[in-house]
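The values are calculated or read from the model by the stated rules, or taken from the named source; none is laboratory data. Keep in mind the model is a prediction, meaning the values are calculated, not measured. Virtual Cβ from ideal backbone geometry, glycine too; neighbours counted across all protein chains shown.
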């Protein structure tokens, strides 16, 4: 092998090293997205079932779901922003205490070709905030779309429960795959928990409405 081939091989290996995908980090993001979508699905569905317990018209139920989607997505975004910013500040302060200042990082990055700086590994609060809001809204759209085109009261409740049940199974399965948990048990746990939340919200709201408060 010629010296030129050896040099090209070394350059190629450095490029491959710099482009290695962090699959563990990606799995964490995907799992957080699944959990956020599941939260949006269940929160919005329970809210719609609660309103549906005392109001039979579709408009009221859908408006309640839209309000839940917007309020929940904003709450998730703000909560994630505050939480990740706190984590960011703590990790940045730790880096500075260890002597990894901005100039040190930039110098080390120039000297170590293909390596990423420690600062690049810090969590991004805005990215996490947007991702959480989108995940919540995606899950919340499921019961809304299920109820949007059904006028009959009992059929609408049944459709909401049906589409939410399917989505709960899917999200439970995805969460189990990403978390390396038993698939059937995890999926059923999410499904039964979702049924319980919707039934409890429906029942207590019905009871509250019957009391004439």
| Out of all the residues in the range 183-194, is one or more surrounded by fewer than 16 Cβ atoms within 10 Å (Cβ to Cβ) and either under 25 Å from residue 55 (Cβ atoms) or over 23 Å from the mean Cα position of the chain (by Cα) (or both)? | no
| task | Sort out which residues of the range 139-155 are under 24 Å from the mean Cα position of the chain (by Cα) and free of Cβ contacts under 8 Å to residues at least 40 places away in the same chain, and write them in order of number. | result | 145, 146
| note | Contact list, first residue from the range 121-133 and modelled with pLDDT of 85 or more, second anywhere and surrounded by 15 or more Cβ atoms within 10 Å (Cβ to Cβ) and not in a helix (DSSP H, G or I), beta-carbon distance below 7 Å, six or more apart or interchain, is none
| Residue that is nearest to residue 49 (Cα to Cα), among those in the range 157-172 that are surrounded by fewer than 18 Cβ atoms within 10 Å (Cβ to Cβ) and touching a helix residue (DSSP H, G or I) at 6+ places or on another chain (Cβ under 7 Å) | 165
